[in-house]
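This report refers to the structure that appears directly beneath it.
Values in this text are rule-based calculations from the coordinates and carry no lab data. Note that this is a predicted model, so its numbers are computed, not measured. When we count neighbours, we look across all protein chains shown, and the Cβ atoms used for this are built from the backbone with ideal geometry, even at glycine.
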Amino acid sequence: MKTTSTLLNLFAAMILVGSVAFGQTDDTLWKEIVFGERNMGGPRLGVTFVTGSTLVNKLREKNIGTLLSQFGWHFEYQVVPEGGGPSFVIQFVPLVGGVEYGTLIPSVTLAMGVRFPEGFEFGLGPNLLLTTEGAKSALVMSVGKSFKYGGVSIPLNLVYATNPDGGRISFVFGYAIAKWQK
């Protein structure tokens, strides 16, 4: 019994010494991940369908329908691992909607997300819709796919903005030409 206890203590000491030694090893044993950065900004256009009684009623009071055009610019900062894998994306998207109704309805979105090498992406972030009554905030959730054609990326995105006054479902597309940054 004493031999078993001694062996267990010796085994525990070896594990403890080994873990302390491993914890002090040089960080160069771990492969450093190198990231590249690129700008994927470009024009965007699309359509938005407005849902929810409060928001729809406010639009109808101003003779504006529930289907709105969208025009704007997509500013994107992307961090890409050089060894492959998903990219980390931060997007700022100012849009103007409703021009077909003789009005301008501005909105801005800041979304953070992930884009996979195959072009699939998803993101989440805050949105501000600027109205005559002030700014209305919403949570934006988006999914999409970017297609590559030559040196051009063509993103197609489905976006949902949720707010207590009503939701907005948008389809937005455009193009971008990658600009690598060092």
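Rounded to 0.05, the FRET efficiency of the E61 and L110 pair, given R0 = 22 Å and the Cβ-Cβ distance, is 0.15. Sites listed here are GluC sites (Glu not before Pro) in the stretch 64-102 whose DSSP assignment is loop and whose Cβ has at most 11 other Cβ atoms within 10 Å: E82. Counted residue by residue at 0.36 nm each, then reduced by the alpha carbon distance between them, the extension gain from L124 to V79 reaches 14.5 nm.
The value of relative contact order for the stretch 35-181, using C-alpha pairs under 8 Å at least six residues apart, is 26 percent. Note on the stretch 35-181: Lys pairs 8 or more places apart or on different chains, Cα atoms under 23 Å apart, count 4.
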